[in-house]
1. Say each of residue 146 and residue 218 gets a label point 7 Å from the Cα, pointing the same way as Cα to Cβ; how far apart are those two points in nm?
2. Report the charge-dipole magnitude of the range 80-197 in Debye, nearest 20, computed about the Cα centre from +1 at each Lys and Arg Cβ and -1 at each Asp and Glu Cβ.
3. Given 0.36 nm per residue, what is the gain on full extension from residue 157 to residue 240 after removing their alpha carbon distance, in nm?
4. For a Förster distance of 45 Å, can you work out the FRET efficiency between the beta-carbons of residue 134 and residue 228, rounded to the nearest 0.05?
5. Taking the Cβ of each residue in 68, 199 as the centre, tally the other Cβ atoms inside 10 Å and list the residues starting with the fewest.
6. I want to check the label-to-label distance for residue 197 and residue 31. Put each point 7 Å from Cα in the C-beta direction and report it in nm to one decimal.
7. Within 10 Å of each candidate Cβ there may be at most 16 other Cβ atoms; applying that plus a DSSP loop requirement, which GluC sites (Glu not before Pro) in the range 110-160 survive?
8. Taking the Cα centre of the range 164-247 as origin, sum charge times position over the Cβ atoms of Lys and Arg (+1) and Asp and Glu (-1), and report the length of that vector in debye to the nearest 20.
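Please treat every number below as a calculation from the coordinates, not as lab data. Quick caveat, the model's predicted, so the values are computed rather than measured. Counting neighbours? That spans all protein chains shown, and the Cβs are built from the backbone with ideal geometry, glycine included.
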Amino acid sequence: DLRNATLINTDFYQSQMLDYAQLEKTYLQNAQVRDLLVTKQGQDIIFDRQDLRGVKLKDANLEYASFMGADLSHANLQDANLSGAKLVQTQLDGTDFTGATLTGAFIKDWNITTDTKFDEVRCKYVYMRLPTPDNLNQHRKPDNHQEVFALGEFGDFIKPIFDTLDLYHSQGIDPRAIAISFKQLAENHPEADLQIVGMEVRGEDKFLLRAKTAITADKSQLSAEYFATYNQLKALAEQEVKALIAEKDGRIA
């Protein structure tokens, strides 16, 4: 009986009779996930939006597998083959990629943290976005198609992304609310040392604000507080926003 069990880094390779166990409220209740953990063969299989927190997939073949929107936080992916895998918007807090192969993986908007491990990762190149019918540019890194990452270089390449707070906006972007919300967040958390390092318009109704933070900053808390303020401001009438600006003695250009 494994119902409600906490299964962190548990090895199910070549396990038998799991189909007869009681597996409710664990990642094992999904037959596709059970098969993956028992066989470690997940090539070309779609695991999008699956809750895979804490799974042990050491040495697994995950070539061209899709984990878009999945949660692989604290998963053991040591020496796994993730060549060409889709890790788009995948949650990877504390995930261990030590010795894994990531060549050709798609890593657009993946959520890595300072606890994500990239020691001795084998990766010649990655793609920063998925191609679309309107835009086939995959944003390969390194940019020069004649260059590849040497062994261990990918970890150095990806490291600067660790200490940034990425704030994604969609559905009726309000520049005024963005400016006020970020200013208030910076004032409330001087210890986070927030500094805007990038802004990117994505399509007609999507916007990314990227800010550098202190290594010790709690990005989850900062993001939640920022969007609580932002959503509140969006709901205010324009006159109320102007009054708030005047009260804080600031102006939005």
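1. 5.0 nm
2. Details: 11 positive and 17 negative charges, 102 e Å.
Its charge dipole is roughly 480 debye.
3. On the way: separation 83, 0.36 × 83 = 29.88 nm, distance 4.44 nm.
Separation in residues times 0.36 nm, less the Cα-Cα distance, equals 25.4 nm.
4. Values: r = 34 Å, r/R0 = 0.76.
So, using R0 = 45 Å, E works out to roughly 0.85.
5. Working: 68 20, 199 12.
Ranking 68, 199 by Cβ neighbours within 10 Å, fewest first, gives 199, 68.
6. 4.6 nm
7. On the way: sites: 120, 147, 153; in loops: 120, 147.
Hits after loop and neighbour filter: 120, 147.
8. Working: 9 positive and 13 negative charges, 37 e Å.
Result for the range 164-247 is approximately 180 debye, rounded to the nearest 20.
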